[in-house]
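The values are calculated or read from the model by the stated rules, or taken from the named source; none is laboratory data. All of these numbers come straight from a predicted model, not from anything done at the bench. A quick note on method: Cβ atoms are made from the backbone with ideal geometry, for glycine too, and the neighbour counts reach across all protein chains shown.
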């Protein structure tokens, strides 16, 4: 064989020929016949690689077109809350663009109550039972005996109930009884209210936990009411506001001048430490305690020489002062004077000192007049700024007149409209009737009046020469009244009532309150006719109690509120005197539902919505609201389409499509200068794909309105090179104006006029409907399976024999449900079943609903459709003793039924699907119509369209189909050609190898023969040489 021939046998040793070189040249000549085939192979290899790149580029465009076809791109919502610290808004499915306002009035709170205090955690608390009920749920009973009758044992027993209440022992700051047990509902809202019934007994001295409210006895009478919580607060600014008065009879021998100076700032009768220094013209001085520990407003406090000081409630400012005078009794030697004029007298205090320096009016603004004017402000009434009926009359020389109210309702330091653009501001202080302040308004500017002094050159529209309040001139013989008081009013001596009082009865309220009783007149209890007291609490409740001679005897109980009564002893009361007392509740936090007003504005209004939780899902469609805080200001929840996401999706699709077209152009181009052609130059398939895809962008979307069915209407235009030119501004405006319209140009979409029929999805097999649409006729709604018991007409005794049932819902069986023992009515049994099903491991996530009507208990499945069903059975079936839940009626759910254009659809739950092999194949509709909403005719017409994104996706899917796709066919043809060339090349290689082997064999034979001949020649030559 040629393959066995040694290489040395063809080296030309015998013939002298270069046989190896000759063979290689002959073989090389033969190999050149394969070069054209190899070149064709290289071309096909490049074509094949290019088609693979075409496939990758088409798949990239397909991916982007799929994104354009998905609901998630177009249905994405951006939800914002104007105050996320009050309301957090989260988008769920179905959110629709719009704006909604709401006010959060209340948050849902979990009920929390506490017992009284105990010395230690292991304090014994008695034996017996404690029953705890949460809302309308079943009562839960725990037992305390010798093993757990301590505070700690009580807490552990509550935890062992495994119910909707938590128990914790807390340590307070109370030194004697620091430990309290706190019960907290696990449910927020009123449905989580805790009710505790304690039935414990113990030896004498053993404390029994109680969660009942209690109260303390009233505090002492106050001479003048301090008002409510919005009363005076120390500001340390302006002038003092408390009204002083000197009372009594002056017993001194000489006329006296008195000066009173405030030692520190505070509220009379409220601040703990508050002192006033007095001194006279004889060098005497002293300090008066007006703080909360030593003084009640309205009480007289001795000063000197038979005189006492009475101070109303209000603020006094450090270093503020007032002056008063006392005239001594004159001798009878002054016979020409009347007896009255010779008597000693007290001249009431003058104005507080700071009233003259800091208590004047502040005028701001610009008067709406071109003429200069002079204004006068006159005080009408006397008293504290912001209290009573105080007002100021304003007049001007130019004829303006008006009134400004600065009494009750006015906040010192705030601005009031005074006159035509001018504003008035008053600092805290006291104003006296008739006090006057003046100012001038200069309209014309004098800045350029060079002849005036610099100080007189001012800009126009300025307030000038504003004076402080000037006391009114008193007519001769007129006596001066107390500072800030009318002549016939104000404290006139001791003003503190001396009647004993007591609160009796059992407080039936369940919250802490502060009650205030105020005498509406002066007189003697049980004697003075018409004597009345007004009571009011801090929650706005109030009433009148009659304590006069015809209506009341001292010691009788006067009922007033929440089971409480007032007893009054003998004595006198003075008008406006008051006292308070408090009730105390075990409630740490009340059970409270969340309250919001949807549609409320700053002026009020709105639809009131309540919820037991702070998570609201049904207030705004498709939006979950988390309530975080209360705020009186309206919160705006704005919902809009995620336009940025949609814009990015369209831009990505256009960019990928343009990249595809650029690749197509590169693959099919021919360069005249370099004479180089693209890998697919001359191939007609790629231009055909490009033309067909371009047609998808040019053709209108069938089924859409003519004004909205072309891509050019939203800024997408096909260029001469086949790429898409994008007008981003036009597209952005279109998306912002109507995202729904833009979406339908790209996605598959079905739209009906019936809110009870909605489009879910479709496939490539689903045909477009055209403008006339598909008629939808729903013939039967989807229903839920249920089980209803027989009517329970009397309480049922539940015991070990009938306490266990097993509930099967949608084919899933519960764990054995053990009911509590006792006698229960149908509603109590309903509540127990509902609670147990919500706690069951197998069924809890289904949220099965249990209801009761006319004694019949119904358990309803959470699902709709034929797979929906409920069954109840007892753990042990005893035919002699039927279970009270057995023998009822159960019914499985049914699937929705309907037709589309007369063709029966396939129902599954609430979903209708188009049958296979029809124009509706792959179409899915969601039907939420109830039986009452279904009529004899069609329920709606649905227009089904396919946008550009969906069409591009379907077209590329067709191209890439492994069996019938055009791209697969093109690629397969190239692959087959490439394989043919490979086969030809291999055949040629085998032929060359065979020829080489033959040449080697022939040259080897030649060398062999030449070697033999040469050997014979040598032999003959040697023999001949011997001759």
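Quick look at the numbers
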{"item": "Qualifying residue in the stretch 201-213 (condition: under 22 Å from residue 825 (Cα atoms) and at pLDDT 85 or above)", "result": "no"}
{"item": "Residue within the stretch 290-301 that is in a strand (DSSP E or B), under 52 Å from the mean Cα position of the chain (by Cα), within 15 Å of residue 246 (Cβ to Cβ) and in contact (Cβ under 8 Å) with a residue 12 or more places away in the chain present", "result": "no"}
{"item": "Filter result for residue 962 (outside the structural domain of residue 871 (by TED's automatic domain parsing), more than 39 Å from the chain's Cα centre (by Cα), loosely packed, with under 14 Cβ neighbours inside 10 Å and assigned to a loop (DSSP other than H, G, I, E, B))", "result": "yes"}
{"item": "Any chance residue 331 is crowded, with 17+ Cβ neighbours inside 10 Å, over 60 Å from the mean Cα position of the chain (by Cα) and over 24 Å from residue 271 (Cβ atoms)", "result": "no"}
{"item": "Contacts under 9 angstrom Cβ, first residue in the stretch 831-859 being without any contact (Cβ under 8 Å) to a residue 24 or more places away in the chain, partner surrounded by 14 or more Cβ atoms within 10 Å (Cβ to Cβ) and in a loop (DSSP other than H, G, I, E, B), 6 or more apart", "result": "834/137; 834/848; 836/814; 836/819; 838/848"}
{"item": "Of all residues making up the stretch 710-725, the number that are buried (at least 19 other Cβ atoms within 10 Å of the Cβ) and under 41 Å from the mean Cα position of the chain (by Cα)", "result": "4"}
{"item": "Filtered residue count, the stretch 388-405, keeping only those that are more than 20 Å from residue 366 (Cα to Cα) and touching a residue at least 24 places away in the same chain (Cβ under 8 Å)", "result": "1"}
{"item": "Strands (runs of 3 or more DSSP E) contained in the stretch 704-755 and holding at least 2 residues touching a strand residue (DSSP E or B) at 6+ places or on another chain (Cβ under 8 Å) and touching a residue at least 60 places away in the same chain (Cβ under 8 Å)", "result": "724-726, 748-752"}
{"item": "Lone unmet requirement of (1) modelled with pLDDT under 90; (2) assigned by TED's automatic domain parsing to the domain that holds residue 854; (3) buried (at least 16 other Cβ atoms within 10 Å of the Cβ) for residue 749", "result": "(2)"}
{"item": "Check on residue 845, assigned to a helix (DSSP H, G or I) and either at pLDDT 90 or above or crowded, with 20+ Cβ neighbours inside 10 Å (or both)", "result": "no"}
{"item": "Selection count, the stretch 302-340, where residues are touching a helix residue (DSSP H, G or I) at 6+ places or on another chain (Cβ under 8 Å), assigned to a strand (DSSP E or B) and more than 19 Å from residue 256 (Cβ to Cβ)", "result": "0"}
{"item": "Residue that is touching a helix residue (DSSP H, G or I) at 6+ places or on another chain (Cβ under 6 Å) and closer than 30 Å to residue 249 by Cα, where the choices are 429, 383", "result": "429"}
{"item": "Any hit, the stretch 353-372, residues being closer than 28 Å to residue 279 by Cβ, crowded, with 17+ Cβ neighbours inside 10 Å and out of contact with any strand residue (DSSP E or B) (no Cβ under 9 Å at 6 or more places or on another chain)", "result": "yes"}
{"item": "Condition check for residue 509: closer than 30 Å to residue 547 by Cα, modelled with pLDDT of 65 or more and either surrounded by fewer than 18 Cβ atoms within 10 Å (Cβ to Cβ) or touching a strand residue (DSSP E or B) at 6+ places or on another chain (Cβ under 9 Å) (or both)", "result": "yes"}
{"item": "Filtered residues of the stretch 1009-1027 (kept if surrounded by 12 or more Cβ atoms within 10 Å (Cβ to Cβ) and either under 14 Å from residue 20 (Cβ atoms) or modelled with pLDDT under 75 (or both))", "result": "1011"}
{"item": "Among residues of the stretch 73-132, those that are in a loop (DSSP other than H, G, I, E, B) and more than 21 Å from the chain's Cα centre (by Cα), counted", "result": "10"}
{"item": "Hey, residue 917 under 41 Å from the mean Cα position of the chain (by Cα) and either modelled with pLDDT of 90 or more or crowded, with 17+ Cβ neighbours inside 10 Å (or both) or not", "result": "no"}
{"item": "Criterion violated by residue 974 - all others in (1) at pLDDT below 70; (2) out of contact with any helix residue (DSSP H, G or I) (no Cβ under 9 Å at 6 or more places or on another chain) satisfied", "result": "(2)"}
{"item": "Of all residues making up the stretch 771-787, the number that are under 11 Å from residue 897 (Cα atoms) and either over 39 Å from the mean Cα position of the chain (by Cα) or in a strand (DSSP E or B) (or both)", "result": "5"}
{"item": "Yes/no for residue 795 being exposed (fewer than 14 other Cβ atoms within 10 Å of the Cβ) and touching a residue at least 12 places away in the same chain (Cβ under 8 Å)", "result": "yes"}
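Residue by residue, here is whether (1) modelled with pLDDT under 90; (2) surrounded by fewer than 18 Cβ atoms within 10 Å (Cβ to Cβ) holds:
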| position | (1), (2) |
| --- | --- |
| 611 | no, no |
| 623 | no, no |
| 635 | no, no |
| 639 | yes, no |
| 644 | yes, yes |
